[in-house]
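Encoded as structure tokens, the structure appears first; notes follow it.
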Amino acid sequence: MKYSAIVLVFLVLIGVSCKQEKVTDKDKKGKKDVVANGYREKHRPQFHFTPPSKWMNDPNGMFYADGEYHLSYQYYPDSIVWGPMHWGHAVSKDLVHWNHLPIALYPDSLGLIFSGGTVVDIHNTSGFGTENNPPVVATFTHHDLEGEKAGTTNFQKQSIAYSTDKGRSWTKYTENPVISNEQKIKDFRDPKVVWHKASKKWIMTLAVYDKVQLFSSSDLKDWSLISEFGIEGDDRLWECPDLFPITVANEDLTKWVLIVSIQKKAPNGGTATGYFVGDFDGTTFKSDPSKQKWLDWGTDNYAFVTWDNIPKNDSRRIGIGWMSNWQYAQSVPTEVWRSAMTVPREIVLHREGDDFILRSLPVQEMTDLRASEISIEPKIVENHAEISGAFDPLQCELELLVDLEKTSARQFGIELSNDLGEKLIITIDKEQGTLMVDRTESSKNKFSEEFYKTVHTAPLTLNGEKLDLSILIDAASIEIFANHGTLNFTDIFFPTEKYTRLSLFSNDGSFVLKEGKIYALKRIWN
């Protein structure tokens, strides 16, 4: 959860009101406007989650209960730029189609409602529910705006709220805050909680500027600091941590993963989400700090966190991220709403030599959106080959299998373009072993210098016989999953006019497409 000092000054000057009645009325009006447009505004994603209207950032409070996946998110219902944070709320039965619910948490006398998580308290350790009706408990950061303005250093504190009707209504704990920030640290936020079965304790992971601190509790109300983990000398500001156990694929071995979002110096500039793999004994998370890895190499997957209480017979670890970047999030050219989420992704831990890596792919449920399949015949691409068929280049899924052994091109890839000469280019450099996304000429409307500044790159392993690519394209975003999800790459773009052409290309030789498919994808909004 990041906030802008400029926006804060602006809000103070205009005297923002956080009364529930006012927010609710405007929220309803925004929803009516969106319904009238049918979620078809320019650049509006058609199969990614977006708010009905106004500003959205970090995913928050995600849990599963009684057949529903709950997704809350940082939300400001009065503007399309960041403002006093609420928790917006939506539910889904399949992780694909979403129904918007009323705002879950509003600002109050203790402050704004910053990011956090939610757990299903199955054993009613908190006492907020009953054995037959266990409560759902949200942990979040109260941000005291007045305290910040006054120059205090403990204006961020941790609080809880609970629901006994499966997230339809929430009651804030009367003894909030539950962690009062006695350390007096300015950046002290984004609590995410997990149940540690061996110690029978709740473990909270909290972002504390350049590290995380771990707290434990038996009842979600009384917390004790037990340890911390960080990189010595790091100055990048950590946010939105998520610590959880995960079984190594094809092994009877459990490791712990710490996901953490980084505010600056990401691989391609600005913000991004990284992770560490290690062990947790109920007190201390142990991992080699030098082995931080990136969950996504693009510029637009931030604050990625996972769902709580996924059913045991499912056992997947599923997460979602905010599809934007703080370098330009408040200036992207949308007018009714701002920001989307990535598609939900399943993450799987794999052993790689003496190390471990996370692979992530879109959840299987996304395949239900496939409306038609267009087969691309095996072909040798020399220079340029446009792909045609019954699909929209900006609402589709590509699956490509490249024969690397027979490919002689130094570079090859995919291009989206329109008649204005605007284009988005995805390039694989066989010699350098890199994947590149070039959006520098993706629009003539250069709304942000940072957005169009450079070509984005990521290392791509190309030492096998084949390269598989799975790509989702949706209105103003592209999500690339290479080598069975070993490399993820998410970028957004905003063409002046829709891209109408999708082409394959090669430079300095030819590339051999062994097989390919394009799926036209259905909308998720009624």
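The table for this structure:
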item	result
Shape of segment 184-301, Cα gyration tensor, a/c cut at 1.5	oblate
Of Lys166/Lys200; Lys255/Lys293; Lys157/Lys184, pairs whose Cα-Cα distance is over 19 Å	Lys166/Lys200
Karplus 3J(HN,Hα) series, Hz, for segment 226-233 with 6.51 cos²θ - 1.76 cosθ + 1.60 (x for Gly, Pro)	10, 5, 8, 9, x, 10, 4, x
Average accessible area per residue (Å²) across segment 310-402 - probe 1.4 Å, nucleic acids and ligands excluded	44 Å²
Using alpha-carbon coordinates, inclination of helix 5-14 to the longest axis of the chain, degrees	60 degrees
Sequence-distant residues sharing a close amide H with Ala340 (under 5 Å, placed H)	Met323
Calculated from backbone phi, Karplus (6.51, -1.76, 1.60) coupling profile of segment 311-324 in Hz, x at Gly/Pro	x, 4, 6, 9, 6, 6, 9, 10, x, 8, x, 7, 8, 6
Qualifying aspartates and glutamates (Cα of each under 13 Å from Cα of Lys186; at least 8 residues distant if same chain)	Asp144, Glu148, Asp210, Glu239
Radius of gyration, Dmax [segment 285-433; alpha carbons; angstrom]	19.1, 54
P(r) tail fraction, segment 54-129 - alpha-carbon pairs more than 19 Å apart, %	41 percent
Nearest 10 degrees, 0 to 90: helix 20-37 Cα axis against the chain principal axis	20 degrees
Helix-only mean residue ellipticity at 222 nm for the chain, each DSSP H run of n ≥ 4 adding -39500 (n - 2.57), per residue, nearest 500	-2000 deg cm²/dmol
Share of Cα-Cα pairs in segment 86-153 lying beyond 15 Å, as whole percent	67 percent
Given [x] 23.7; [y] 25.7; [z] 24.6, the label whose value is Kirkwood radius over Cα pairs in Å derived from this model	[x]
Estimated FRET transfer efficiency when R0 is 45 angstrom, pair Asn526-Glu182 (beta carbons, to 0.05)	0.35
Cleavage-rule hits, GluC sites (Glu not before Pro), segment 216-291, DSSP coil, Cβ neighbours within 10 Å at most 13	Glu232, Glu251
Unit charges on C-beta of K, R, D, E only; dipole of the chain, Debye	1120 debye
Total formal charge among the other residues, if their Cβ is under 14 angstrom from that of Glu431, Lys/Arg +1 and Asp/Glu -1	0
Ordering of 317-327, 479-489, 442-452 by packing [mean C-beta count within 10 Å, highest first]	317-327, 479-489, 442-452
Surface share of carbon and sulfur [accessible, 1.4 angstrom probe, percent] for the chain	47 percent
Ordering of 295-305, 57-67 by burial proxy (mean other Cβ atoms within 10 Å per residue, highest first)	295-305, 57-67
Shape category assigned to segment 343-388 from the gyration tensor of Cα positions, a/c cut at 1.5	oblate
Global geometry of segment 131-211, whether rounded, prolate or oblate, following the gyration tensor of its Cα atoms and the 1.5 cut on a/c	oblate
Karplus 3J(HN,Hα) series, Hz, for segment 335-341 with 6.51 cos²θ - 1.76 cosθ + 1.60 (x for Gly, Pro)	10, 8, 9, 9, 5, 9, 9
Mean Cβ count within 10 Å, highest first, over the residues of peptides 183-195, 214-226, 382-394	183-195, 214-226, 382-394
Other-chain or far-sequence residues with amide H under 5 Å of Val363's (modelled H)	Arg345, Glu346
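The values are calculated or read from the model by the stated rules, or taken from the named source; none is laboratory data. Computed from a predicted structure; not experimentally measured. Reconstructed Cβ throughout: ideal geometry from the backbone, glycine too, with neighbour counts over all protein chains shown. Note: areas computed on protein heavy atoms with side chains; ligands, DNA, RNA excluded. Shrake-Rupley method; radii C 1.70, N 1.55, O 1.52, S 1.80 Å.
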